[in-house]
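Q: Submitted below is the structure of interest, expressed as structure tokens.
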Amino acid sequence: MTPMDQRVIVVGAGVVGLMTAYALKIRGIDVVLLDAATPGRESSWAGGGIIGPVPPWRYDPWVEQTICQSQMLWAAWLADIERRSGVACEYQRSGLLLSGHPDHHNLVAEASDWVKETERPFVLGHRADFDKRLPNQDWPAILLPDVYQIRNPRLIQALGRALLDLGVTIITDSPISRVVHSSGNQLTVKAIGGQSYLATHVVIAAGAWTDDILKASGLAPLGISPKRGQMLLYRLAPRDLPAHIINTGQGYLIPRADGHLLVGSTVEDVGYDYRPSEHANRQLMEVAQTTWPHATPDNLVQQWTGFRPGFGEGRPSVGLVDKKKPGLWINAGHYRNGLGLAPACADHLASAMFPYSSPNIKPNR
Ligand SMILES: Cc1cc2nc3c(=O)[nH]c(=O)nc-3n(C[C@H](O)[C@H](O)[C@H](O)COP(=O)(O)OP(=O)(O)OC[C@H]3O[C@@H](n4cnc5c(N)ncnc54)[C@H](O)[C@@H]3O)c2cc1C
């Protein structure tokens, strides 16, 4: 069979499923994307959009290296995605300023050790050297300039439109119960509503819900579980935003170009409870107000929750589900870095599935 004879179903249309569909489609593979509800409305919408592990030394080095690969892919693929969709995703090199209470979080010392070891670029100084509006100007601070951000709700919109333009079929409101091997090399994806979809390959990319599909398909669960995260959104004048993403050790602040400021985030084991909590509201407001004086209660406009696909130390599962089950693949468990990891993981998976194909993007179509 040539790649042209293959049909892949991707189950789950968060950023991981959307990028998997994109990486396959630009290799000339026929792709159908299925989602339980509306694409990209779960964790991929709720996340902050930082493209870089924060802080990097607390993660498996694989995570940081894979995000570096993703940064190159984002730059290359977004040109095509934005042109096809007409949506600007605001991918930008914001830099990450690490600076917390010197007695509580030795962030700067930890960062200094890490940059020396990895030879990553950095600028070491005090808060006063980076932003004169920060309180506690004499606190040590370190800037990691190669941390990027993306406006993830816009990215989701852009990816949906770009995939339709490329000819991917997107089926919404179709929760999948299980995947079964049929006769020959075919797999059948069964929806809760009773529909069945046939494919030569299936990729399970259902974020925090991935284990439910594995179990219902008679496969061993991986241990992916929902880790709730809450965020606050402030609306400021663009001139009142911080110059960089800031991490204090207690939380982080992400400035958006139009004056929005995101403050995150909690990590909670509460199952799938979507209700924002008072406790998180107070905790995140404290981070905001002690770090950035412009973030006052009057400027607070929204609070939300999302369910990260929590999995071990943050290294996702990307590849065959089981060597004895040909055609059934997984791309899930990206935990706190799904936006940072999605392009490189999608590219790795597409290469593993179709080793003799390569991406074909025509920049000046
Ligand atoms: C508060 C918060 C802050 C974050 N900040 C960042 C950040 O700054 N940078 C970063 O890189 N990451 C961040 N993350 C993590 C990031 O959002 C996730 O790692 C990423 O979105 C996971 O993508 P996903 O596609 O695997 O999952 P999701 O986006 O959750 O998508 C899963 C999809 O599968 C669908 N689905 C579920 N069950 C079924 C089924 N049975 N059948 C069909 N479809 C199904 C869902 O409807 C959904 O659309 C943050 C997350 C949160 C919650």
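Every read-out reported here was derived from the displayed coordinates using simple, explicitly stated rules and does not represent laboratory data. Quantities reported herein were computed from a predicted structural model and do not represent experimental measurements. Cβ placement follows ideal geometry from the backbone for every residue including glycine, while neighbour counts extend to all protein chains displayed.
Q: How high is the relative contact order of the chain, in percent, counting Cα pairs under 8 Å that sit 6 or more residues apart? Don't skip to the end; give the middle numbers.
A: Working: 802 pairs, mean separation 90.2, N = 365.
Relative CO of the chain lands at 25 percent.
Q: As a check on your grasp of the helix formula, calculate [θ] at 222 nm for the chain: sum -39500 (n - 2.57) over DSSP H runs of n ≥ 4, divide by the residue count, round to the nearest 500.
A: Roughly -9000 deg cm²/dmol at 222 nm, from the helical runs in the chain.
Q: Please grab the % of Cα pairs in the stretch 1-145 that end up more than 21 Å from each other. Can you show the working numbers first?
A: Details: 6109 of 10440 pairs.
So the pairs more than 21 Å apart make up 59 percent of the total in the stretch 1-145.
Q: Here's a follow-up. Against the longest principal axis of the chain, how steep is helix 107-118, in degrees 0 to 90 to the nearest 10, with axes from Cα atoms?
A: 50 degrees
Q: Here's another thing I want to ask about it. Relative contact order (percent) for the stretch 75-150, with alpha-carbon contacts under 8 angstrom and 6 or more residues of separation?
A: Values: 98 pairs, mean separation 32.1, N = 76.
Relative contact order, the stretch 75-150: 42 percent.
Q: Could I ask something else about it? Relative to the longest principal axis of the C-alpha atoms of the chain, give the angle of the C-alpha long axis of helix 152-166, reported between 0 and 90° and rounded to the nearest 10°.
A: Relative to the chain, helix 152-166 is tipped by roughly 30 degrees.
Q: Follow-up question, since we're still on this one. Need the list of aspartates and glutamates near Lys215 for cross-linking: C-alpha distance under 17 angstrom, and skip anything on the same chain fewer than eight residues off.
A: Asp322
Q: Could you work out the per residue convex hull volume over the alpha carbons of the stretch 225-365, in cubic angstrom?
A: 166 Å³
Q: If amide hydrogens are placed 1.01 Å from N in the peptide plane, which non-local residues have theirs closer than 5 Å to the one on Val321?
A: Leu328, Trp329, Ile330
Q: Here's a follow-up. Limiting things to C-alpha atoms, what are the Rg and the maximum Cα-Cα separation (Dmax) for the stretch 34-112, in angstroms?
A: So, for the stretch 34-112, Rg and Dmax equal 16.3, 50 Å respectively.
Q: So how strong a dipole does the chain carry about its Cα centre when Lys and Arg Cβ are +1 and Asp and Glu Cβ are -1, to the nearest 20 debye? Write down the numbers at each step before the final one.
A: Working: 34 positive and 33 negative charges, 194 e Å.
I would put it at about 920 debye.
Q: What's the FRET efficiency of Glu278 with Ala352 using the Cβ-Cβ distance as r and R₀ = 30 Å, to the nearest 0.05?
A: The calculated FRET efficiency here is 0.10.
Q: What is the angle, in °, between the Cα long axis of helix 15-25 and the longest principal axis of the Cα atoms in the chain? Nearest 10 is fine, range 0 to 90.
A: Value to nearest ten degrees: 50.
Q: Right, something else. Can you give me the relative contact order of the stretch 270-360 as a percent, contacts being Cα pairs under 8 Å and 6 or more apart?
A: Dividing the mean separation by the residue count of the stretch 270-360 yields 20 percent.
Q: Would you mind getting the Kirkwood hydrodynamic radius of the stretch 126-238 from its Cα pairs, rounded to one decimal in Å?
A: Result for the stretch 126-238 stands at 19.1 Å.
Q: From the mean inverse distance of alpha carbon pairs (Kirkwood) and the Cα radius of gyration, derive Rg over Rh for the chain.
A: Rg/Rh for the chain comes to 0.99.
Q: With a ≥ b ≥ c the root eigenvalues of the C-alpha gyration tensor of the stretch 39-80, is it rounded (a/c under 1.5), prolate (a/b larger than b/c) or oblate?
A: Details: a/c = 2.64, a/b = 1.19, b/c = 2.21.
Oblate shape, in that a/c is at least 1.5 and b/c is the bigger or equal ratio.
Q: What FRET efficiency do you get for Ala220 and Thr169 if R0 is 35 Å and r is their Cβ-Cβ distance, rounded to the nearest 0.05?
A: 0.70
Q: Moving to a separate point now. Using the crude model of +1 on Lys and Arg Cβ and -1 on Asp and Glu Cβ, and no other charge, please compute the dipole size for the stretch 232-365 relative to its Cα centre, in debye to 20.
A: On the way: 13 positive and 11 negative charges, 134 e Å.
My answer is approximately 640 debye.
Q: How big is the gap, in Å, between the Cα center of the stretch 37-114 and the Cα center of the stretch 140-203?
A: Value for the Cα centre distance between the two parts: 20 Å.
Q: Need one number: nm distance between label points at Glu286 and Arg120, each 7 Å from Cα along Cα→Cβ, rounded to one decimal.
A: Using points 7 Å along Cα→Cβ, the separation is 2.8 nm.
Q: Would you grab the residues whose amide H sits under 5 Å from the one on His260? Only those 5+ places off in sequence or on another chain, please, with H modelled 1.01 Å from N.
A: Here Leu236 satisfy the definition.
Q: Tally the DSSP beta bridges in the stretch 1-159 and give the antiparallel ones as a percent, rounded to 5.
A: For the stretch 1-159, the DSSP antiparallel bridge percentage is about 70.
Q: Now for a separate question. Between Asp322 and Ala37, how high is the FRET efficiency from 1/(1 + (r/R0)^6) when r is the Cβ-Cβ distance and R₀ = 30 Å? Nearest 0.05.
A: FRET efficiency, Asp322 to Ala37: 0.60.
Q: Just to be sure I understand: with springs between alpha-carbon atoms less than 10 Å apart, which residue in Leu124, Leu33, Leu159 has the highest mean-square fluctuation in the Gaussian network model of the chain?
A: Of the options given, Leu124 has the highest mean-square fluctuation.
Q: In whole Hz, what ³J(HN,Hα) sequence does the stretch 257-266 give by Karplus (6.51, -1.76, 1.60; θ = phi - 60°), x for Gly and Pro?
A: 4, 8, x, 6, 10, 9, 10, x, 8, 8
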